[in-house]
1. Select the strands (runs of 3 or more DSSP E) contained entirely in the range 17-133, then report the ones holding at least 1 residues which are closer than 23 Å to Asp237 by Cβ.
2. Taking into account only those residues within the range 62-95 that are surrounded by fewer than 18 Cβ atoms within 10 Å (Cβ to Cβ) and without any contact (Cβ under 8 Å) to a residue 40 or more places away in the chain, which is nearest to Gly146 (Cα to Cα)?
3. Out of the range 159-178, which residues are of a type outside the set (D, E, K, R) and exposed (fewer than 15 other Cβ atoms within 10 Å of the Cβ)?
4. Which one is farthest from Arg199 (Cα to Cα) among residues in the range 134-161 that are touching a Leu at 6+ places or on another chain (Cβ under 7 Å), without any contact (Cβ under 8 Å) to a residue 40 or more places away in the chain and assigned to a loop (DSSP other than H, G, I, E, B)?
5. Leu106: touching a strand residue (DSSP E or B) at 6+ places or on another chain (Cβ under 6 Å) and among the hydrophobic types (A, V, I, L, M, F, W, C), yes or no?
Amino acid sequence: MKGHPVSSSSVRHILILGGTTEARRLAETLAADPALRVTSSLAGRVAEPRLPRGQVRIGGFGGPEGLARWLREQQVDALIDATHPFAGTISFNAAQAAADVHVPLLAVRRPGWVAGPGDDWHAVDSLAEAADALPALGERVFLTTGRMHLAAFAHLEGMWFLIRSVDAPEPPMPARAEVLLDRGPFTVEGERELLRRHRIDVLVTKDSGAAATSAKLVAAREAGVPVVVVRRPPVPDGVPVAPDPAGAVEWLSQLGTAGRAAGG
């Protein structure tokens, strides 16, 4: 790898940009291989994150330059971006940093959701577009886009929101709202009861693609509730993509860095 220092040991260093179920599963698989040193980086936005196996660092790098410096100083042999599909900034920082120091980069992105028979989905490109679509669809909103960027909905004074997030959101946010602190996986039965109890008539979600949070879509379909779906941002140009941890292990195997974790 031109421009990248060669590690003085036979142990290969893998940096996983994590925070997702896929990242934790990948870290667990790779950490079992003594030929690998696995570091998972978490953004630090969740108060009590589920920590993966291996080494863990929490907090930002200081932009692409800071990440490039960390990759070089820590002699990282491969970088895997297994962040949330909507964590767009870190993905582009990773692409620039990996290119700058010539470290191989892979993005792990679970497949997005696909509408089926009976679904009433309204696709938009941003939370602002989601807010614009709401008045024509309903008045009681189940908002499942996380605790960040709720300001996009704060101006909708005539609507009521059930806001679900792992940690408590901060203003600005809708004035008429109830906050539900919870973490998936969720069940169809539980989501069905939420829609009924709160008389929800429209759901807003991001296309995270996670099976752990897809039960709300089934419940909405059954109840005839329209769903506003925010499309995910694209992966940076030129970055290869794997759909799951197994695909990431296979990619590492092809690089010659996965050792016994890849069955080599």
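1. Once the strands (runs of 3 or more DSSP E) in the range 17-133 are filtered for at least 1 residues that are closer than 23 Å to Asp237 by Cβ, what remains is 36-42, 78-81, 105-108, 121-124.
2. Thr89
3. Ala168, Pro171, Pro172, Ala175 - these are the residues of the range 159-178 that are of a type outside the set (D, E, K, R) and exposed (fewer than 15 other Cβ atoms within 10 Å of the Cβ).
4. His149
5. Yes.
Readers should treat all values here as calculations from the given coordinates under stated rules, not as data from a laboratory. The model shown is predicted, which means the values in this text are computed figures rather than measured ones. Glycine also receives a Cβ, built like all others from the backbone with ideal geometry; neighbour counts cover every protein chain displayed.
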